[in-house]
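Okay, so here's the structure we're looking at.
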Amino acid sequence: MTRPARTQVAIIGSGPAGLLLGRLLTQAGIDNIILERRSKDHVLSRIRAGVLEEGSARILEDAGVGGRMREEGLVHHGIDIAFGGGRHRIDLSGPTGGKGVIIYGQTEVTQDLMDRREADDAPTFYEAEDVAISGFDRHMPETRFIHEGRAHTLLCDFIAGCDGFHGVCRPSVPQGALDIAERVYPAGWLGLLCETPPVSGELIYVRHGRGFALCSMRSPTRSRYYLQCAAGEDATAWSDERFWEELKRRLDPETAAALVTGPSIEKSVAPLRSFVAEPMRFGRLFLAGDAAHIVPPTGAKGLNLAIGDVHYLAEALIEYYQERSQRGLEAYSERALARIWQAERFSWWMTSLLHSFADTGRFAQKLQDAELAYLADSRAAQAALAENYVGLPL
Ligand code: FAS
Ligand code: PHB
């Protein structure tokens, strides 16, 4: 691409948001190009989310990328909350008319979307350097980037900022045009992936005086565990042995005894942050996914919110091109933010309920005890958790 090329929608970022948007637009006959700064292998090497809401699964199925998810994904109808030495099962399906969640790693979702994009023969520039965007506040958006040592300019009708929390799109918005709401938690999550059978058939969220823990999985033979750790913790400071010993100290004795340990195939630390940038549209630039918002992973909402944003944005762009209507584009930000803030609230609530933070005073600890006791005894409280966990309607 040497002379300024043109496309209808330039998508910045080849994570789940960018790839899904690309697929939905291609399916509707709308030309799009994805610019990704990392290599394909690097994008696939990042271990992230593990839980899909049924609404997300349907969107992936309608996009023609749900086959392997339906074959290999594990449908779960409950989760356990462990505290005070016991485990309390939260029925997800009873209070929600039979809804559950699907355990299917983000890595697999990304692989399925990449395979589909290749089959569509839709263009993605991996290892695109110095991506810059401009003109979106007028009617002449363009992106510039370096690829394989050559400078390119891409003219487009719209730019979709799907470039995550550390991307270039949100910072390209004029100073002062963004309303930022943020809470940074004084802790992180140390995650470990291993080829061992999960300790339990469903996820276990653990509240413990030593810190939060989560027992999750990717398949009947591959487990994913998390420990609350200090913010900015160095994952290499944790040997596998140290990780397993600490996890066992946070589990009840029966679960600890059932834990199958093994060598880690991945270990990483994720920060805990709540973050929303409003609005999500600036002229012809639209933000979607982590580029606009972040949730602490306790509610398993990050990936699901990205899919929800893209569902709304794709609908609006297809309406624009097929009906020449701006209605969906004008409603996008408000529509997406209504659902985002519900997920922000739930993720903050789950995080505050289950983590012990250094700045959590005695009163807040006693409130946690009371909230957990109420959750264990109240079907209404359990139903409220269930309907948020399986996902609010799109
Ligand atoms: P992503 O960050 O996935 O993708 C953005 C893409 O844009 C990346 O490939 C990046 O390389 C690219 N990019 C960035 N800057 C660019 C530039 N200037 N030019 C071109 N490309 C650029 N969610 C859960 O539900 N459960 C979890 O357990 C969980 N764990 C997580 C752990 C970590 C370490 C992180 C960071 C997030 C985690 N999340 C989790 C949230 C995560 O799953 C996100 O919600 C999800 O990746 C959002 O997808 P995207 O919006 O596509 O952003
Ligand atoms: C995961 O399996 O990675 C996972 C599951 C549930 C969460 C967060 C992460 O809330």
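The values are calculated or read from the model by the stated rules, or taken from the named source; none is laboratory data. Since the structure is predicted, the reported quantities are computational estimates derived from the model, not experimental observations. Heads up, the Cβs are rebuilt from the backbone with ideal geometry, glycines too, and the neighbour counts pull from every protein chain shown. Heavy atoms of the whole protein, side chains included, go into the accessibility calculation; ligands, DNA and RNA do not. Shrake-Rupley method; radii C 1.70, N 1.55, O 1.52, S 1.80 Å.
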Could you please let me know if Asp309 is open to solvent by less than 40 Å² (accessible area, probe 1.4 Å) and either within 15 Å of Ala213 (Cα to Cα) or at pLDDT 95 or above (or both)?
yes
Would you be able to say whether some residue in the stretch 180-191 is part of a loop (DSSP other than H, G, I, E, B), touching a residue at least 12 places away in the same chain (Cβ under 8 Å), under 27 Å from Thr298 (Cα atoms) and open to solvent by 10 Å² or more (accessible area, probe 1.4 Å)?
no
Residue pairs within 6 Å by beta carbon, gap of at least six or interchain, first lying in the stretch 348-366 and in contact (Cβ under 8 Å) with a residue 12 or more places away in the chain, second buried (at least 18 other Cβ atoms within 10 Å of the Cβ) and part of a helix (DSSP H, G or I), listed first then second, are Met350/Thr298; Met350/Gly299; Thr351/Thr298
Counting only residues in the stretch 26-51 that are modelled with pLDDT of 95 or more and near ligand 1 (Cβ under 9 Å from one of its atoms), the one surrounded by the fewest Cβ atoms within 10 Å (Cβ to Cβ) is identified as His42
Considering the stretch 166-176, residues that are hydrophobic (A, V, I, L, M, F, W, C) and open to solvent by less than 40 Å² (accessible area, probe 1.4 Å), and then whichever is farthest from Ile133 (Cα to Cα), we arrive at Val173
Taking the stretch 1-57 and the residues there that are assigned to a loop (DSSP other than H, G, I, E, B) and basic (Lys, Arg), the one that is farthest from Val109 (Cα to Cα) would be Arg3
Residue count, the stretch 301-342, condition of a type in the set (Lys, Arg) and in a helix (DSSP H, G or I), comes to 3
- Message: Can you confirm whether Thr143 is farther than 30 Å from Glu72 by Cα, surrounded by 18 or more Cβ atoms within 10 Å (Cβ to Cβ) and more than 25 Å from the chain's Cα centre (by Cα)?
- Response: yes
Exactly one of Thr261, Thr236 is within 19 Å of Gly188 (Cα to Cα), open to solvent by 50 Å² or more (accessible area, probe 1.4 Å), of a type in the set (Ser, Thr, Tyr) and outside the structural domain of Ala291 (by TED's automatic domain parsing), and that residue is Thr236
Checked the stretch 181-222 for anything in contact with a helix residue (DSSP H, G or I) (Cβ under 6 Å, 6 or more places away or on another chain) and among the charged types (D, E, K, R); matches are Arg207, Arg210
Scanning the stretch 118-140 for residues that are out of contact with any Pro (no Cβ under 6 Å at 6 or more places or on another chain), surrounded by 16 or more Cβ atoms within 10 Å (Cβ to Cβ) and of a type outside the set (A, V, I, L, M) gives Thr124, Phe125, Tyr126, Phe136
Filtering strands (runs of 3 or more DSSP E) wholly in the stretch 63-117 for at least 3 residues that are buried (at least 20 other Cβ atoms within 10 Å of the Cβ) gives 78-83, 101-103
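Conditions tested, residue by residue: (1) more than 9 Å from ligand 2 (Cβ to nearest atom); (2) among the basic types (Lys, Arg).
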position	(1), (2)
Ser200	yes, no
Arg207	yes, yes
Leu214	no, no
Met217	no, no
Reported set for the stretch 246-265 where residues are farther than 18 Å from Tyr205 by Cβ, touching a Leu at 6+ places or on another chain (Cβ under 8 Å) and among the aliphatic types (A, V, I, L, M) is Ile265
Can you spot a residue in the stretch 322-343 that is touching a strand residue (DSSP E or B) at 6+ places or on another chain (Cβ under 6 Å) and surrounded by fewer than 18 Cβ atoms within 10 Å (Cβ to Cβ)? no
#### Entry: Check on Phe286, hydrophobic (A, V, I, L, M, F, W, C), within 19 Å of the chain's Cα centre (by Cα) and farther than 19 Å from Ala230 by Cα
yes
Of the conditions (1) farther than 26 Å from Leu317 by Cβ; (2) away from ligand 1 (no atom under 14 Å from the Cβ); (3) assigned to a loop (DSSP other than H, G, I, E, B), the single one that Ala177 does not satisfy is (1)
